[in-house]
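What follows is a single structure, written as structure tokens, with notes after it.
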Amino acid sequence: MSELDEESDDEPAETDGGVRAYTVRLELVDEPGELLRTLEPIANNGGNLLSIHHERGNITPRGHIPVEVDLECPPDRFEGIVEALREAGVNVIQAGADRYGEELNVILVGHLVESDLSDTLSVIEGNEHASLVDLSLAAPEGMDAVSSARLRLAVDTGRADDALETVRGIADEKDFCVVEPLLGGDA
């Protein structure tokens, strides 16, 4: 191995012309220092911050804050950045061009509010292959009566069955009816 080859092994990945811009959508807890803690894995893995859109007034169904981060890096580093964010405990909703890869819509019908809707959503969010993107709740006869909710889930490619099993499990436990799956989120 020549001296020139040894030097190139220690250099960072080539960035001239090979840098691409990416958008990462995150869900953060509203606590001091959380945004800074989230940006560290990006910087530590070779990402260059372009912009941050912090939607503090727009709370997600889980009570967290959506944050959109635009960054640039060589394509071979992007997956490492996303993995580092997840390892740091950051909920990655969207990474790059694909939002997980699949979208799944289901409807739950039953005493959703009365049986602790936040617990239901937490169980669904606990599935490592799915994330709640949108929730629409209808309770025409009040919160103590039967209600319905349409859930739109972002799901890892090929893992829709895992996400559906999670939804079915919580529905069986809480005596909900599940209408599933509805065609993707583009309709």
Exception for ILE81 within (1) in a helix (DSSP H, G or I); (2) of a type outside the set (Phe, Trp, Tyr); (3) touching a strand residue (DSSP E or B) at 6+ places or on another chain (Cβ under 6 Å); (4) closer than 20 Å to THR23 by Cβ falls at (3)
Within the stretch 95-109, restricting to residues that are assigned to a strand (DSSP E or B) and modelled with pLDDT under 90, the one that is surrounded by the most Cβ atoms within 10 Å (Cβ to Cβ) is LEU104
- Message: Please verify whether LEU112 is surrounded by 20 or more Cβ atoms within 10 Å (Cβ to Cβ), more than 20 Å from the chain's Cα centre (by Cα) and not in a strand (DSSP E or B), treating the condition exactly as stated.
- Response: yes
Selection from the stretch 147-185 of residues touching a Ser or Thr at 6+ places or on another chain (Cβ under 6 Å), more than 17 Å from ASP116 (Cβ to Cβ) and at pLDDT 90 or above yields ARG150
Inside the stretch 117-146, the number of residues satisfying the requirement of being in contact with a helix residue (DSSP H, G or I) (Cβ under 6 Å, 6 or more places away or on another chain), modelled with pLDDT of 85 or more and open to solvent by 10 Å² or more (accessible area, probe 1.4 Å) is 1
Can you confirm whether SER136 is among the hydroxyl-bearing types (Ser, Thr, Tyr), without any contact (Cβ under 8 Å) to a residue 24 or more places away in the chain and either within 30 Å of GLY46 (Cβ to Cβ) or part of a strand (DSSP E or B) (or both)? yes
Would you call SER131 outside any helix (DSSP H, G or I), among the small types (Gly, Ala, Ser) and under 11 Å from the mean Cα position of the chain (by Cα)? yes
message = I'd like to check something: does the stretch 47-57 contain any residue that is open to solvent by less than 60 Å² (accessible area, probe 1.4 Å), farther than 27 Å from VAL146 by Cα and at pLDDT 90 or above?
response = yes
For ARG150, the lone unmet condition from (1) open to solvent by 70 Å² or more (accessible area, probe 1.4 Å); (2) within 23 Å of the chain's Cα centre (by Cα); (3) without any contact (Cβ under 8 Å) to a residue 40 or more places away in the chain is (3)
Among ILE124, ILE65, ILE81, the single one that is farther than 15 Å from VAL24 by Cβ and within 18 Å of the chain's Cα centre (by Cα) is ILE124
Among residues of the stretch 58-94 being among the acidic types (Asp, Glu) and touching a residue at least 40 places away in the same chain (Cβ under 8 Å), the residue most open to solvent (accessible area, probe 1.4 Å) is GLU87
Of the residues in the stretch 156-178, those that are in a helix (DSSP H, G or I) and either among the hydroxyl-bearing types (Ser, Thr, Tyr) or open to solvent by 30 Å² or more (accessible area, probe 1.4 Å) (or both) come to ASP161, ASP162, GLU165, THR166, ARG168, GLY169, ASP172, GLU173, LYS174
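The values are calculated or read from the model by the stated rules, or taken from the named source; none is laboratory data. All figures in this text were calculated on a predicted structure; none of them were measured in a lab. Note: ideal-geometry Cβ built from the backbone for every residue, glycine included; neighbour counts use all protein chains shown. For accessibility, only protein heavy atoms count, side chains too; no ligands or nucleic acids. Shrake-Rupley method; radii C 1.70, N 1.55, O 1.52, S 1.80 Å.
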